[in-house]
Amino acid sequence: MFSGKSVLTEERKRALAAFQKRAGCRFRNPALLDLAFHHRSFSNETPRGGVSHVRANNERLEFLGDAVLGLVTASRLYSSMPDHPEGDLAKIKSAAVSEASLSEIAGSLDVSAMLVLGRGEELSGGRNKKAILADAMEAVIGALYLDSGFKAAETFVRKFMDPRIASLSRKENRGDFKSLLQEYVQKRYKTTPVYTLEGRSGPDHAQVFSVSVNVHGTVFGPASGKNKKEAEQAAAEQACQAMGIG
């Protein structure tokens, strides 16, 4: 825990250095990183006058970091999930950059111990509030962007966001057997499943489609559905179950 004095004490410098080591980042200006941990409750309780930056807090850095985080995350989703529509990407992005997600990441980096809070916020348990921890994470990203540029900030964000995106995309794909099968086949066989429409039956208003899928020479199905897309999902489900995928 730290008192939040405006001058960086040797103790604070050591703590900031330890945080950078934990987080895998390096700041040219440690004072900028320090500012990322200053909550508005501290600046609000600090008397006016004296050194101007005493009254500064991390809100502007948070604003900037939120934009950088959003761009990096959206870019990663766009490139890593080429077959997913905008709605899926938006859903995963929302979960990845949510307060719950960022506060969890903050917990892994022990951000709580770095926070500089006002007395009232400290007494009310602010050091463990998810919103404050998440905001501090965004502020750190903003500070790193200002200190070392976009590439450094992108590398930092990807370090903790790439595994989260991968985990969330796997959850999103559960039930989407076509995506699950394609991901597996591409990774294992360096090829893609091939779907074949075997036939259709029934009247025009209630047709039943029959589809099989060829996975590296092994055919699964045919499986049926009310349309071709549904039949392909059913065939992919058969293949996934037979191959123990998912």
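The values are calculated or read from the model by the stated rules, or taken from the named source; none is laboratory data. Just so you know, these numbers come straight off a predicted model, no measurement behind them. Note: ideal-geometry Cβ built from the backbone for every residue, glycine included; neighbour counts use all protein chains shown. Accessible surface areas use protein heavy atoms only, side chains included; no ligands, DNA or RNA. Shrake-Rupley method; radii C 1.70, N 1.55, O 1.52, S 1.80 Å.
Of all residues in region 9-31, those that are under 22 Å from Val157 (Cβ atoms) and in a helix (DSSP H, G or I) have Cβ atoms under 7 Å from Cβ atoms of residues that are of a type in the set (D, E, K, R) and open to solvent by 40 Å² or more (accessible area, probe 1.4 Å), 6 or more apart or on another chain, in Gln20/Arg26; Arg22/Asp110; Pro30/Lys13. With respect to Phe209, is the statement that it is of a type in the set (Phe, Trp, Tyr), outside any helix (DSSP H, G or I) and touching a Gly at 6+ places or on another chain (Cβ under 6 Å) true? Yes: the conditions hold for Phe209. The residues listed here are Ile141, Ile105, Ile132; of these, the one that is under 16 Å from Ala166 (Cα atoms) and either among the charged types (D, E, K, R) or touching a helix residue (DSSP H, G or I) at 6+ places or on another chain (Cβ under 6 Å) (or both) is Ile105.
Take the conditions (1) among the acidic types (Asp, Glu); (2) surrounded by 13 or more Cβ atoms within 10 Å (Cβ to Cβ); (3) under 30 Å from Phe220 (Cα atoms); Asp204 misses just one of them, which is (2). Go through the residues of region 78-88 one by one and say whether even a single one is part of a helix (DSSP H, G or I), among the hydrophobic types (A, V, I, L, M, F, W, C) and open to solvent by less than 50 Å² (accessible area, probe 1.4 Å). The answer is no; no qualifying residue exists. Look at (1) at pLDDT 95 or above; (2) over 23 Å from the mean Cα position of the chain (by Cα); (3) not in a helix (DSSP H, G or I) and you find that Pro47 fails only one, number (1).
Residue by residue through region 182-217, note down the ones that are of a type in the set (Val, Ile, Thr) and under 24 Å from Arg170 (Cβ atoms).
Looking only at region 182-217, we keep the residues that are of a type in the set (Val, Ile, Thr), and these are 185, 191-192, 194, 196, 208, 211, 213, 215.
The answer is Val185, Thr191, Thr192, Val194, Val213, Val215.
Go through region 230-242 and give me each residue that's more than 30 Å from the chain's Cα centre (by Cα) and either free of Cβ contacts under 8 Å to residues at least 12 places away in the same chain or open to solvent by less than 60 Å² (accessible area, probe 1.4 Å) (or both).
Hits for region 230-242 are Ala231, Glu232, Ala234, Ala235, Ala239.
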